[in-house]
Every structure is written in structure tokens, then in C-alpha cells.
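Below: one structure, written as C-alpha cells.
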There are 4 protein chains.
Amino acid sequence: MIRMGVIGYGYWGPNIVRNFYNQEGIRVVAVCDGNPAALKRVNKIYPDIRLCADCREITTDAGIDAVAIVTPVSTHFELAKQALSHGKHVFVEKPLTATAAEAEELISLALKNRLVIMVDHTFVFTGAVRKIRQLIDENVLGTLYYYDSTRVNLGLFQHDINVIWDLAPHDFSIMDYLIPEKTEAIAATGASHLNGLEDVAYITAYFAGNLIAHLNVNWLSPVKVRTTLLGGEKRMLVWNDLEADEKLKVYDKGVEIKNAENVYDLLVNYRSGDMWSPRVEQMEALSLECRYFVDCVEKNQTPFNDGQAGHRIVKMLEATNVSLKNKGEIVYL
Amino acid sequence: MIRMGVIGYGYWGPNIVRNFYNQEGIRVVAVCDGNPAALKRVNKIYPDIRLCADCREITTDAGIDAVAIVTPVSTHFELAKQALSHGKHVFVEKPLTATAAEAEELISLALKNRLVIMVDHTFVFTGAVRKIRQLIDENVLGTLYYYDSTRVNLGLFQHDINVIWDLAPHDFSIMDYLIPEKTEAIAATGASHLNGLEDVAYITAYFAGNLIAHLNVNWLSPVKVRTTLLGGEKRMLVWNDLEADEKLKVYDKGVEIKNAENVYDLLVNYRSGDMWSPRVEQMEALSLECRYFVDCVEKNQTPFNDGQAGHRIVKMLEATNVSLKNKGEIVYL
Amino acid sequence: MIRMGVIGYGYWGPNIVRNFYNQEGIRVVAVCDGNPAALKRVNKIYPDIRLCADCREITTDAGIDAVAIVTPVSTHFELAKQALSHGKHVFVEKPLTATAAEAEELISLALKNRLVIMVDHTFVFTGAVRKIRQLIDENVLGTLYYYDSTRVNLGLFQHDINVIWDLAPHDFSIMDYLIPEKTEAIAATGASHLNGLEDVAYITAYFAGNLIAHLNVNWLSPVKVRTTLLGGEKRMLVWNDLEADEKLKVYDKGVEIKNAENVYDLLVNYRSGDMWSPRVEQMEALSLECRYFVDCVEKNQTPFNDGQAGHRIVKMLEATNVSLKNKGEIVYL
Amino acid sequence: MIRMGVIGYGYWGPNIVRNFYNQEGIRVVAVCDGNPAALKRVNKIYPDIRLCADCREITTDAGIDAVAIVTPVSTHFELAKQALSHGKHVFVEKPLTATAAEAEELISLALKNRLVIMVDHTFVFTGAVRKIRQLIDENVLGTLYYYDSTRVNLGLFQHDINVIWDLAPHDFSIMDYLIPEKTEAIAATGASHLNGLEDVAYITAYFAGNLIAHLNVNWLSPVKVRTTLLGGEKRMLVWNDLEADEKLKVYDKGVEIKNAENVYDLLVNYRSGDMWSPRVEQMEALSLECRYFVDCVEKNQTPFNDGQAGHRIVKMLEATNVSLKNKGEIVYL
């Protein structure tokens, strides 16, 4: 039985506690939060969980085997370092750290102490993303042309990070999971209107070959949109995550260029066939991810969403910072 | 009675001929196209229109007062120059020319010969765009934060221009019409997958203040999208041009930041009220634009979508070329 | 070469003239309408078509082989009778006649004179309906459970018929085409709010077995809906005719009841699989129907949408009149 | 402090327990269910609630002041009668009873013992329905023409009642709340395909004047629909309960008939203005209803969703039984 402590019970923490609480093989024994009202909420639902206000009670407790860190990004490094130093596996909210250097230090520490780092990239555990991965693996889409995601809504403004650090980790981790090639370069543009941090931003990611990715992230949209287009040589896919029942639509559509002896002779063939909406698993993604964490700790396995994955995503985020400052200048990774 | 000749009867030409044909005060007397099949189609519908295969029959005909040029972009300059040189008013398909220098030469020539140049920026004559303009003029939206447009669909591949030159002139002319400030700089990214011309591209336009605009243009999308978000300090607007009845939705939503003595104390106030979908005029935009051309010629007026407007749009397009080549580097106008 | 006269150039007439005009093997030689403005519109587009104000010029003209009747329902019988009596094939707007008795007389007359009657049931020539027919023929849906159609919008109020006679012929003819069994009984309810004719109505049609059909027709709806659900034992289908690209969606969903030894033990199995949207032919339905009319006349064939089909639909409409009067009482056909 | 017992912890029971559990002024002290697994689930979440397998432990317990009955319809009468006889207020799941006679007996009993009966008509506590009521009260819609509701989805098959008794109580209670006039007559049609109970049904309700209501209820639909159209003389409303943000849309649309000296002269005026989507309260309806129950018990008030309201709905349901049996024959209430 793994004994877990959870640090942070704000917006996302309750989901983490609930999902680990309901897994076999693990027990949530303590929750820490600086806010007494948060601890009160824990106690109302889970009277058996120990409450504490000082994180060190968790990171240094010899009776605790694993720590979930669900706090603001800027605190991830210190907390994870403490926990790993005291021999605890860590489950860290995305993004893993505020800098790539911090991520590298955590990776080394975990390696040395033979501990698991898992970054909470919840989206790659959703039925939708796993189904898309299957379609790519089975070559249903053919060579990928582009990944184009729109992730906009009103708020939730963060105090310490801009809209890219808030929303883009979702897409970066999904791309990291879906696309075999790694990102080669990043360009980002954006603007801030309220608190000095970008609230509207656009990111282009270049890959080997002609594959291009683009993210549109926005905290000031009157409507919520969670739509990703994935264009391939053979088929094209639309993922609308707000649809209850038909999240994925695969279009048997394409364009072929033929006989292009010279540019004016080129024949463009458009193919337009059926659309198909594969059924998507409905299980809660976070529950699957928590299960996976328990399995990795028990079997001493390296998860695919490990420190390295977290490090790749943080490097992309750092690149957006540099590019933003230079109004879209390309940054090679 | 203005006597008009039309050059080009391909994809868009039939709409131009039909709309000028039905106006009072103007007569379409001749149509030119190098393709005999096109001329046959003209004749079937308009047996009274003279057909010709050589453009000079139109540009130099003393009996013709105005010429509509509906040919590939690369030919606009030569044809317009001929027509203006022979004292004819011109109505030119967007974009006005292939280079800003060409546009400048046409503007000088028209000025010298006291002739009208109108660029076919059809979208600014739609009920939707005119209603948005009215909402901006009446300060319904407040200070503008961003203009974010998605204009994607499958095809229609052009032989001589990339997806930006094909689709972005719509948004550039709409922005030129709606936004009082002028674009200061452009950054563009993109990729080409089929014929060496970009078929997927993303453009950021910077304005004075914090206003930012972004266009997503794509010839390889399995679904057609024509959606523009316009965020303002007071209200936000969504324009879905594919909706039959509710093209515009105005959201009484907003975000305010208060009491921000230090970053951790900042209070974010979200306001969320009613949504309102104003009725939009249904008249065919191109018909209104053709009417406006006739009026400008008759009254010797300068249209707002004149050579200068066309020149501004071509300058933005040229900037995207430079930025694309440098993978998103900012280009100041 | 068949020589055709068209009677009526109001709302639907222009489509009839245009579509017959463009067919090979037939020539529209004359159009009749009591309204001079309508004839003027004909002349502007088709200067070669003879105009006439008196229908007898068409129904009795020895130089005319076929007559299309596109006038109010109450006049169909007299005009068709005249035309058939003078040896002309007839193409009649739906519904065929105002009473079943009239339809029977026309059928006899056509039979005696060996002439074609075709009723304009345009919808059964659409790609969507033909694809649904194919799915039913191939047993993709399994035993049919229900046909449920909503056909509502604002207006167009008719002066002489209620909303059922205006809109239900579409569904009645589609059901007649799709469903192998014939309607056994009808129940209709409704209300009138403006001109004494029902503007909101609901029709239930019973078939052999447990198949039930229902139509919701309404002239007072603020939104336009054209949606039909078709439930089958094996699969279920939704046809949204207002969708541009995905008109048909086939759901691999179903319910099975098992082991029902007693009512409380019954096990309900829900099956929920993929959705599939088959590509639908985009050709204009009316063009196909006009082509079919020409073929039937040329080959002396009986169309499937013949007088008998028209008669079946009129009998159903008559039944709704009786049921409406008795507030929903069942009427056996 | 009111002490409440809850009978039934199946599909809906957990919501009832949770909502009463979180109210001030009331304590859920006991839950009864014949199924041990259900009781186990209660205990896991609410270790402080007493569990019992025999309902009489609740209905006869002198320490209990109020009983919530969340069991199959056929058992409502006996359980409510027991509870009322032992001096307990009752909160009963819809529909109140299986027959109108049973409802009448409960009403008498409650009156005699001065006890509150509340029927769980949750929908009338939703923000959407309360906003519609406000629009009707403020005469925004004008004289009502029709209420047209579609409430379809796949399953959930009930063992003891047909689709009307399952789904129509929602609309009947909404109509009872929204429409000042009472239903005068009912006609219902339907069919059963699986377990001998109707799974597809259509109900017309007639009111004084020309107001008509219609419900489309279906357990065999591949898609979930929860849409109600409400047509009025001045404006029309669409309520789509599955929309997250724009549940209500009010259309400034209408039809007027003028100058109708004779039927052929009648002038139909169509009015088409803006659409407006009023903001709707997001509070959980059931929580408001539970609060209201506590208030009514504390203040000894008669709720508007009392036994009389429950009785009216049961009478309408009984009428559908009779009409269904006679294939749509009208049944006067």
C-alpha cells in the first residue's frame, strides 16, 4: 500500500485527492494547504485524512511514499526537490517546473534515488486523445500535415503565469504524445490587456518535414472553444472536446496534386467521401492517470509522461517566452 | 449611362457580370476571356453582350467608360494600367496588384486622369461587417482588444498565389474598414505540403495600443469555418458567417482587474450577462458594391475602397511574404 | 423532341422552367401565368419562350406534348384534366389534387389516353432520401420502429390550404418511397391562430406492425428545422436537411430486451458504437426529376411517382382533414 | 431542525440525499433501500446516516418529521399514506401517484393532518423555466400560441411505466407552472417495440383559446434532444436545455394577418428582428427545491408544487392512457 500526501487543495487539488482516494493500492493520508478554508473542505469530505499547513510535514514524513504537488508552478521545483530528496515518488501538476534547468535537476535527482516522476498531462489519458493516437499509429490519417488547436474561453486569469503557460501545456503534451517527430522550433505572438501578462497568444511549432502546429490560446474569449484540426495526407480529423457524443470526426477528404509539369498545368484532385465518428472511451482521464501512477510506482516503471516529457514541454514553454519578447522571432529548441 | 467591359469570366467573373448587369445607370457591353468555353457561357445567358478574346479590345475601346478586371492577380497591373491610360474607370478584383509599387503607379495614373479605382473588397459591403462597424462606431464593444479570424476550408488551390494571398485579403480589408488604427507590423508563419505554395498559414498583425489581430487561413481543412472573434473592453462579439440567421452574437461579457496593489492581491471580476444577436441586412454585398461603383463614377467621388485601400492591403500581403520567408520574423509596415 | 408548356410562374414555377429548360430532349415552348409581371420575368431570362395569359392556349395547343402544372392546388384537377384530354403528358405540382376522387379521375383519363402523370415529389430525388432508401434496402437499419419528422419555420402562409397540405406532402411522399408497408391509419391534431387555417399541426401515421410515423409541421416557428429521425432495430438515423455537409448520420445504437421472464427481471441492453455519415449526392433533385419525366415520356414508362403515388398522398391528406375536425380521432385509410 | 428520512436510493435518490444533506434547518437522519449495495453506497459517503431496509422504520419513526419518497411510482401512494398518517410531511418523486384517486386521498390526508405534500417537479426550479415564466408574466411573448417540446434520447427503459409516465411529467409540470390556463383535453398516440410499454409517444394538449401544446417523447432516439418552442403573438422563444450557455433564445419574430376582407386578399406581414438570449441563473434546481421544502415546512406554507399540482399532472397522465388505448381519441379532463 502506497501512502500519499497531497500538497495544494485549490482549483485542481480536489480532483487529484478524489481520484487517488478511489484507487486500490494507494491511500491518501495527508493533505497540506496554506488556506484553512481549503483544509476545512478536505475534512468535510474525507474525515480520515490528516491535515497540515506546512508542506514539510509531507515532504519529510518517513511514513509517506509519494507526494502529489498541485500548487502554483513557481513552487513545483522546491517541493518536488524536497520530496525526491526524502525518497518520495512525485506526481506533479503541469507544467513540471518554471524552467528547463529545474526540470533537469529533478530528473537527475529521481534517477539517482530511483524514484518515479510523473507529470500530470491529463489530456493524454482521455479517450479522445488515445483514439487519435491509435488512428495515427494505424496510419489512418497518413503523413501528418498540420495540428491546429483553438483553446479559448473567458478567464481563468492566473496571477503568476500568462495564458500560454496556463493553456498551452495541454497541447504541447498532446502533441508530444501524438506526433512521432519532436518540435524543432517555436514562434509565438501575443498581447496583454489587463494585468501585464499575455491573455491572448498564438504559437506556431515547426517539426521536421512539412508538419506545422499552431495553437490559439485566449483568456478573453466570450465563447469556450476546444477544437483541434489534424490534417493528414489520407484523411483529416476534427476533435471537438466540448461535444458530448461525437468528439472525433474523421473525414475521408483530401487533396492530391498531379501531372504538375508546370505550375499552370497542375491538376488538383479533391477527394470527398464519408465522415466517421469513432466511439470514444468515456472513463475519467484523471482516474486512469492516477491508476497508471500507482502501477508505475508498484512496478518501478518509468511512465511515458515522466520527467523527460515534462522537461520537453517546459523547454517549449521557455521558447515561447523568448519568441514573445521578440514579437514572433523563431526560437530553435 | 456608363458602358462597362469585363475582363475575366472564370470563378468570380459571372458574379461581377450578373451584378453590374442588373444595376441601373450602367450597361455591360463586352466581356473578354481567353477561354472560348467561358465566352460561350456568357452568350447563353446574355446574348446581347459582345464577346472578345483580346483584352485590348476592351481596354482601348473608346466606347467603353469603365473596366472590371476579374483575372489572376499577376495580370491586374497591366490590365488596369491599360484601362486607366485609355481614360477608363477600373473595378479590380482583390488584391489590387501583386506588389505595392504597382499599386502606387495605378494610384498616380488614376489621380492624373481623374479616374475612379475601386478594389473589390466585397466583405465590407455585407450586412454583417456593416453592422459590426456600427457597433464599433457606437462604442458598444469599447476599446478593442483583439480581432481573431479563422477562414479555412478544403481547396480551392490557386496556381500562382499561396493561401494568404487568396484568403487574407478578405480579413485585411475588413480590418482596414473596422479598425480605426492602422496595422503597424505583421508576422506570418506557414507551411506548404503540395505545390510549393503555403496552403496553411497564420498571421499576426500588431496595431497601436494593445490591439492584436490574428488570421488562421488554410486550404487543407476538412471543414469550412468562417468565424471571427472580436474582443472589446465592454463587450465581445462572435461573427459566424456560415450561420444563416444569427451571424452576429454580441456578448455582454468582460473581465476587469481591480485593486492590483501587488500581483497576488489582484482581483479579477468576470461579468457575464445576456447575449444579443442583432438582425443583419440580407442584401447581396456584391450588388451594393456594384451600385456604389456606379454612384462613385457618376458623381466623380472617391470610394472608401479606393486604390489607397487596395495599396494598404497589398502592403500587408507583401509583409507576410517577407515574414514567412523568415519563419515569423516581425515586419514593420 | 418533347415540346412542353408550363402553367404557373409564381414561387416554384421558375425552378420548374429552369430545370426543364436545361434538359436534353425537351423544349419549354410556352409559359402561362395570369400575372403580367410574372410573364415579364420569364421574358427577361428566356426571350425565346412564348408567353400566354390563358391556360387553354397551352392545354389545347396541338404543338405541345407535355404540360407542367405549377398552380394552386385547387386548380390542379381542371388543368390536368384539360391537358390529358388533349393528349398531353402532365407533370403536376404536389399535392396532385384537392380530393382523392379528382386524382382517381385523372388516373383513369391518363390510362385511357396512354399518357404519363408525374407528381412533383421532389424530395424523393434528393441524394439524402435516395441514400436512406439504399440503407433500408440493404437492411442497415433493420426492422423500422419509427419515422419522426419536424418541418417547421416562419411562414409561408398559404391562402387556400393549411400547414398540413403545404408541408406534409413532402413527408408523405418520402414515407411512401422509403417504407415498404403502406399507411393504415392517420390521426391529426392542430390549431389555427391567424387566418382560420391550421398553422400548427401534428400527424401520427400508423403502419402494419409496430411502425409509427409522426410529423410536426408549423408555420409559426421562429427557427427553421428540417430534421427526421428514423429508428430501426439495428441502427438509427438522423437526417438534418439543413446541414450543408453531414445531412445523414447513422448511429450504431440500439436497445435489446433480454431474459424477460417477468417484468422486473428484464434486462435492457444498450448498444452504443460509432456514428457514420455517408456521403450524399449533391445533384439538384429537381433536375433529376425533370430528367426522369423526359425519360418516362420518351420510353412510355410509368414513373414510380405517378398518379397512383399522388393519389395515395392525397388520401392521407384527406384523412388528416377528417381527423383534425374530430380533434385527433383515428381515420383508417 | 427538521429530521428527514429518505426512502429509495436508486437512480435519483442520491441527488435527493445530497441536496437535503447540504441544506440548513434539516438533517437527513435515515435512508431506506431494499438493496444492500445501495445502502453501502450511502454509508461510504455519509457515515452518519442511519441505514434501514424496511420502510416502516422511517414512516413510523416518531423521531422523523419529514419523508422523501424516491421509489417507483406504483409504491408512492402506500408510502406517502403511511408517512402522512404518522404525521410526517412528504416530498414525493414525480409523478405523485399512479392514479388520480390515490392523489386525492393523499391530499385529504395531508389537509386533515396539516402536513405539507411537495411533488418533486424539479424543472420548475431551473433558471430557464423561471426566466420563461418571468417573460410570460411581463407579456414579452404576448398571447401564447403553442408549446412544443421534444424530449427524446436512448433509454432509460423503465420496468413499470411507459415513456409518457417517465418523461411527460416534466413537461406537464412546466406547462402547469407557465401557462395560466389549465389543460382542457388530451390526445396521445404511440407505439411499443420492445417490452410492451410505449417507448415512442406523442401528446397533444388543448387549452382554452387557441393555445395548443405538443410533446414528443421517445426512449429510442439515437440523439438526445431537450428542446421546447414557445410561440407567442409578440415574440417566440426556443429553449434548448442541452446548451451550456445560451439555453434561451427570444426571437423578435411574428406574423400578422391584415385586411383580410376575403381570403385571397389577405396580407401576411412577417416581422423579423433581433434575437436575444437572456442570462439564466445557474443554481442547481434541486437545491432550490429542497430549500423551498424546508421553508414551507418551517413556515407551514402550502407550496405551489403541492398535492394539487401533483394531482393535476396525474390526471393528465391518466388521460394519455385512455387516449393511447383509443389511438389518439380526445379525452376531456
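Somewhere in the range C:119-131, is a residue surrounded by fewer than 23 Cβ atoms within 10 Å (Cβ to Cβ), in contact (Cβ under 8 Å) with a residue 40 or more places away in the chain, outside any helix (DSSP H, G or I) and β-branched (V, I, T)? Scanning the range C:119-131 turns up no residue that is surrounded by fewer than 23 Cβ atoms within 10 Å (Cβ to Cβ), in contact (Cβ under 8 Å) with a residue 40 or more places away in the chain, outside any helix (DSSP H, G or I) and β-branched (V, I, T). The residues in the range B:286-333 that are over 26 Å from B:P14 (Cα atoms) and of a type in the set (G, A, S) can be counted, and the count is 3. Filtered by the rule that a residue be of a type in the set (A, V, I, L, M, F, W, C) and without any contact (Cβ under 8 Å) to a residue 40 or more places away in the chain, the range B:18-34 gives B:V28, B:V29, B:A30, B:V31, B:C32. For C:T189, are the conditions met, namely being surrounded by 24 or more Cβ atoms within 10 Å (Cβ to Cβ), without any contact (Cβ under 8 Å) to a residue 40 or more places away in the chain, closer than 20 Å to D:Y147 by Cβ and within 13 Å of chain D (Cβ to nearest Cβ)? In short, no.
Among the residues of the range A:294-309, which ones are in a helix (DSSP H, G or I) and in contact with an Asp or Glu (Cβ under 9 Å, 6 or more places away or on another chain)? If you could, list the steps in order and put the result at the bottom.
In the first step, residues of the range A:294-309 are kept if they are in a helix (DSSP H, G or I); the result is A:294-299, A:307-309.
Within the range A:294-309, A:V294, A:C296, A:V297, A:G307, A:A309 qualify.
Counting only residues that are aliphatic (A, V, I, L, M) and either under 19 Å from A:A53 (Cβ atoms) or part of a helix (DSSP H, G or I) (or both), how many does the range A:78-94 have? Steps first, answer last, please.
Filtering the range A:78-94 down to residues aliphatic (A, V, I, L, M) leaves A:79-80, A:83-84, A:90, A:92.
This time we only want the ones that are either under 19 Å from A:A53 (Cβ atoms) or part of a helix (DSSP H, G or I) (or both), so: A:79-80, A:83-84.
Here the count works out to 4.
Scanning the range D:295-333 for residues that are of a type in the set (A, V, I, L, M), touching a helix residue (DSSP H, G or I) at 6+ places or on another chain (Cβ under 9 Å) and crowded, with 19+ Cβ neighbours inside 10 Å gives D:A309, D:I313, D:V314, D:M316, D:L317, D:L324, D:I330, D:V331. Looking at the range B:199-222, which of its residues are of a type outside the set (S, T, N, Q), over 14 Å from A:Y147 (Cα atoms) and either out of contact with any strand residue (DSSP E or B) (no Cβ under 8 Å at 6 or more places or on another chain) or in a strand (DSSP E or B) (or both)? Selection gives B:I203, B:A205, B:Y206, B:F207, B:G209, B:I212, B:A213, B:H214, B:L215.
Take the conditions in contact (Cβ under 8 Å) with a residue 24 or more places away in the chain and under 29 Å from C:V238 (Cβ atoms) and apply them to C:R114. Does it pass? Outline the logic, then answer.
Numbers: in contact (Cβ under 8 Å) with a residue 24 or more places away in the chain: yes; under 29 Å from C:V238 (Cβ atoms): no.
Answer is no for this residue.
Selection of the range D:236-247 for residues being touching a residue at least 24 places away in the same chain (Cβ under 8 Å), closer than 16 Å to B:D245 by Cβ and more than 8 Å from chain C (Cβ to nearest Cβ) yields only D:E246.
Return yes when D:D160 is surrounded by fewer than 16 Cβ atoms within 10 Å (Cβ to Cβ), within 14 Å of chain C (Cβ to nearest Cβ) and among the acidic types (D, E) and no when it is not.
yes
Within the range B:281-297, none of the residues are over 28 Å from B:A68 (Cβ atoms) and within 14 Å of another protein chain (Cβ to nearest Cβ). Going by the conditions given, is D:K249 basic (K, R), over 18 Å from D:D176 (Cβ atoms), more than 21 Å from the chain's Cα centre (by Cα) and not assigned by TED's automatic domain parsing to the domain that holds D:H89? Judged against the criteria, D:K249 is a match.
In the set D:S221, D:S149, which member is surrounded by 19 or more Cβ atoms within 10 Å (Cβ to Cβ) and either out of contact with any helix residue (DSSP H, G or I) (no Cβ under 8 Å at 6 or more places or on another chain) or of a type in the set (D, E) (or both)? Working first, answer last.
Details: D:S149 fails: either out of contact with any helix residue (DSSP H, G or I) (no Cβ under 8 Å at 6 or more places or on another chain) or of a type in the set (D, E) (or both).
Just one listed residue meets the conditions, D:S221.
Applying the selection to the range D:214-223, what residues are closer than 30 Å to D:L141 by Cα and either facing another protein chain (nearest Cβ under 8 Å) or free of Cβ contacts under 8 Å to residues at least 40 places away in the same chain (or both)? Correct list: D:H214, D:N216, D:N218, D:V223.
Sub-7 Å Cβ pairs linking a first residue in the range D:46-66 that is assigned by TED's automatic domain parsing to the domain that holds D:V6 to a second residue that is among the hydroxyl-bearing types (S, T, Y) and in a helix (DSSP H, G or I), at least 6 apart or interchain, are D:Y46/D:Y21, ordered by first then second residue.
So which residues in the range A:61-78 are surrounded by fewer than 16 Cβ atoms within 10 Å (Cβ to Cβ) and over 25 Å from the mean Cα position of the chain (by Cα), if there are any at all? Residues satisfying the conditions are A:A62, A:G63. Here the condition is being at pLDDT 95 or above, in a helix (DSSP H, G or I) and of a type in the set (S, T, Y); of A:T97, A:T75, it holds for A:T75 alone.
Across the range A:310-333, the number of residues qualifying as hydrophobic (A, V, I, L, M, F, W, C), under 20 Å from the mean Cα position of the chain (by Cα) and in a helix (DSSP H, G or I) comes to 5. Close Cβ contacts (under 9 Å, 6 or more residues apart or on different chains) running from residues in the range C:199-213 that are more than 17 Å from D:L211 (Cα to Cα) and more than 7 Å from chain D (Cβ to nearest Cβ) to residues that are in a loop (DSSP other than H, G, I, E, B) and of a type in the set (S, T, N, Q) comprise C:G209/C:T143; C:L211/C:T143.
The values are calculated or read from the model by the stated rules, or taken from the named source; none is laboratory data. Quantities reported herein were computed from a predicted structural model and do not represent experimental measurements. Positions of Cβ are generated from backbone atoms using ideal geometry, with glycine treated the same way; all protein chains shown enter the neighbour counts.
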